[in-house]
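Enquirer: Below is a structure I'd like to ask you about.
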Amino acid sequence: MNTKRKIIHIDMDAFYASVEQRDNPELRGKPVAVGHAEKRGVVAAASYEARKFGVRSAMPSQKAIKLCPQLIFIEGRMEVYKSVSRQIHEIFHDYTDLIEPISLDEAFLDVTDNKKGIELAVDIAREIKQRIREELHLVASAGVSYNKFLAKIASDYRKPDGLCTIHPDQAQAFIDHLPIESFWGVGPVTAKKLHLLGVYNGKTLRECSREMLVRQFGKAGNIYYEFARGIDNRPVESVRVRKSIGCEHTLEKDISLKSSVIIELYHVACELTERLKAKDFNGTTLTLKIKFNDFVQITRSLSTRKSLRTLDEILPLAKTLLKEVDYEHHPVRLIGLSVSNPKEDTDGQHVNTPQWVQLELPFSD
């Protein structure tokens with residue numbers, strides 16, 4: 001286990017909502033949600049004033065309004081958020097070029113060998129937080145540790161405007177007391193399963209054998225086993241090869257009629273082929289994602305030997321996958337399609353040109 005690395009995780013606090021409050025003084029101090037207020041809308045981000053009422057990102061807008069009747073909805077401005085994210089990354093690059101973006105509002109930085117020769121990573125994190133506040137008038141939280149798992153946990157620990165360091169000699173005690181729900185990659189479904197197994201925190205997780213965890217959770221079991229011991233050897237990756245391209249449509253109303261579902265599937269497939277063409281992406285696995293009206297979500301996948309690029313190649317496979325879905329008795333709320341498993345050339349190298357994409361957790365609910 002390498003404990004010599006110095007990793008910082010920077011996470012902007014209520015990023016989209018904070019940008020809106022920064023740019024519109026009338027919104028400051030008020031409960032703000034970025035998203036759509038209509039019946040089918042979803043909260044993309046919530047200010048801390050809104051979070052006090054229980055409003056959270058990914059929450060249906062109508063539920064958010066019930067929790068906070070005075071909630072102010074703002075249409076998102078993605079180009080503005082992207083521009084601010086670039087400004088944040090310019091600050092990062094003053095310290096290191098080993099930067100791994102997770103999304104527009106968070107990233108890992110490896111500052112083991114940093115440009116300014118600052119010995120302590122916590123001093124770099126403090127300086128970055130201060131510059132973000134002074135130059136961009138926004139607030140960030142930072143976590144510092146010797147690996148990505150612990151740095152991520154640390155950045156969440158004292159939000160908002162937090163700064164937390166987990167030293168190697170303190171890591172095991174910290175992990176032992178950590179609720180299982182706080183482990184990176186453990187969502188509600190996995191947490192419930194772990195509870196049934198008698199696992200509620202890092203200590204009880206550490207008491208589980210690797211074999212048992214792998215038996216219960218597959219390859220994610222290996223990761224849980226190592227996280228419980230403070231082990232995470234993943235490097236900070238500044239470039240990552242795109243592994244999939246997809247798109248999804250949330251429908252204006254739930255549908256269960258076969259003809260309606262096929263039409264929506266066709267529209268999603270058309271958008272997917274345009275994205276594949278624009279990114280010049282070659283993949284061999286098609287995945288169908290369906291979310292029902294009760295928010296239960298399923299996926300179905302099918303692999304081929306040749307690249308999937310055109311509508312004529314993708315739509316028949318999508319229809320085949322759809323046959324496995326009982327949508328006539330469970331109305332559909334969302335339909336998505338994605339192509340993955342990049343096509344390799346005869347030398348075993350990826351055909352696709354390496355490009356940065358939003359990184360995802362290696363496992364999740």
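The values are calculated or read from the model by the stated rules, or taken from the named source; none is laboratory data. The model shown is predicted, which means the values in this text are computed figures rather than measured ones. All Cβ positions, even for glycine, are placed from backbone atoms using ideal geometry, and neighbour counts span all protein chains on display. The accessibility values were calculated without ligands, DNA or RNA, using every heavy atom of the protein model including side chains. Shrake-Rupley method; radii C 1.70, N 1.55, O 1.52, S 1.80 Å.
Enquirer: Below 10 angstrom from the Cβ of Tyr225, what's the summed charge of the other residues (Lys, Arg +1; Asp, Glu -1)? List each step's numbers first, then the result.
Expert: On the way: positive: Arg206, Arg210, Arg229; negative: Glu211, Glu226.
Residues close to Tyr225 contribute a combined charge of +1.
Enquirer: Another question, then. Taking H as built 1.01 Å from N, whose amide H comes closer than 5 Å to the amide H of Gly283, not counting residues under 5 places away?
Expert: The answer is Leu308, Lys343.
Enquirer: Describe numerically, in nm with one decimal, the distance between label points set 7 Å from Cα along Cα→Cβ at Ser83 and at Arg126.
Expert: Placing both labels 7 Å beyond Cα along the Cβ direction yields 3.4 nm.
Enquirer: In whole Hz and in residue order, list the ³J(HN,Hα) couplings for segment 320-333 that follow from phi through the Karplus curve 6.51 cos²θ - 1.76 cosθ + 1.60, θ = phi - 60°; x for Gly and Pro.
Expert: 4, 5, 5, 4, 7, 9, 8, 8, 5, 9, 9, x, 9, 9
Enquirer: If you look at just the Cα atoms of segment 1-101, how large are its Rg and its Dmax in Å?
Expert: 16.3, 51
Enquirer: Right, something else. Test of understanding: given the chain, find the longest segment containing no trypsin sites (Lys or Arg not before Pro) that are in a DSSP loop and have at most 10 other Cβ atoms within 10 Å.
Expert: On the way: sites that count: Lys4, Lys39, Lys219, Arg305, Lys306, Lys323.
Answer - 40-218.
Enquirer: Sticking with this structure for a sec: Express the C-alpha Rg of the chain as a ratio against the empirical globular expectation 2.2 N^0.38 Å, rounded to two decimals. Before the final figure, lay out each step's value.
Expert: Details: Rg = 22.1 Å, N = 365, 2.2 N^0.38 = 20.7 Å.
Ratio of Rg to 2.2 N^0.38 Å for the chain: 1.07.
Enquirer: So if I place +1 on the C-beta of Lys and Arg and -1 on the C-beta of Asp and Glu, and nothing else carries charge, what would the dipole magnitude of the chain be about its Cα centre? I want it in debye, nearest 20.
Expert: Details: 53 positive and 50 negative charges, 151 e Å.
Here the chain has a charge dipole of around 720 debye.
Enquirer: Still on this structure: Quick one: net charge of Leu67's neighbours, Cβ under 14 Å, K/R +1, D/E -1? Don't skip to the end; give the middle numbers.
Expert: Values: positive: Arg51, Lys52, Arg56, Lys63, Lys66; negative: Glu49.
Taking every Cβ under 14 Å from that of Leu67, the sum is +4.
Enquirer: Under a straight-distance cross-link criterion of Cα-Cα below 17 Å, which lysines are reachable from Lys30, leaving out those fewer than 8 residues away in the same chain?
Expert: The reachable lysines, counting only those whose Cα sits under 17 Å from Lys30, are Lys52, Lys66.
Enquirer: Something else about it: Rule-of-thumb check for segment 87-225: C-alpha Rg over 2.2 N^0.38 Å? Kindly include the intermediate steps, with their values, before the conclusion.
Expert: On the way: Rg = 17.0 Å, N = 139, 2.2 N^0.38 = 14.3 Å.
Working it through for segment 87-225, the quotient is 1.18.
Enquirer: On a 20 Å Cα-Cα criterion, which of the cross-link pairs Lys4/Lys116; Lys6/Lys203; Lys63/Lys192; Lys159/Lys203; Lys243/Lys289 come out too long? Each step should come with its number before you reach the end.
Expert: Values: Lys4/Lys116 18 Å; Lys6/Lys203 25 Å; Lys63/Lys192 23 Å; Lys159/Lys203 24 Å; Lys243/Lys289 17 Å.
Violating the 20 Å Cα-Cα cut-off are Lys6/Lys203; Lys63/Lys192; Lys159/Lys203.
Enquirer: If you don't mind, another one. Along the charge dipole of segment 178-301, pointing to its positive end and built from +1/-1 on Cβ of Lys, Arg, Asp and Glu, which listed residue (Gly283, Thr250, His267) has its Cα farthest out?
Expert: Checked the options; the winner is Gly283.
Enquirer: For labels at Val214 and Val42 in the simple 7 Å Cα→Cβ model, what's the distance in nm?
Expert: In this crude label model, Val214 to Val42 measures out at 3.5 nm.
Enquirer: Counting only protein heavy atoms and using a 1.4 Å probe, what share of the accessible area of segment 154-265 belongs to carbon plus sulfur, as a whole percent? Please report the intermediate quantities before stating the final value.
Expert: On the way: 3250 of 6150 Å².
Reported share for carbon and sulfur atoms: 53 percent.
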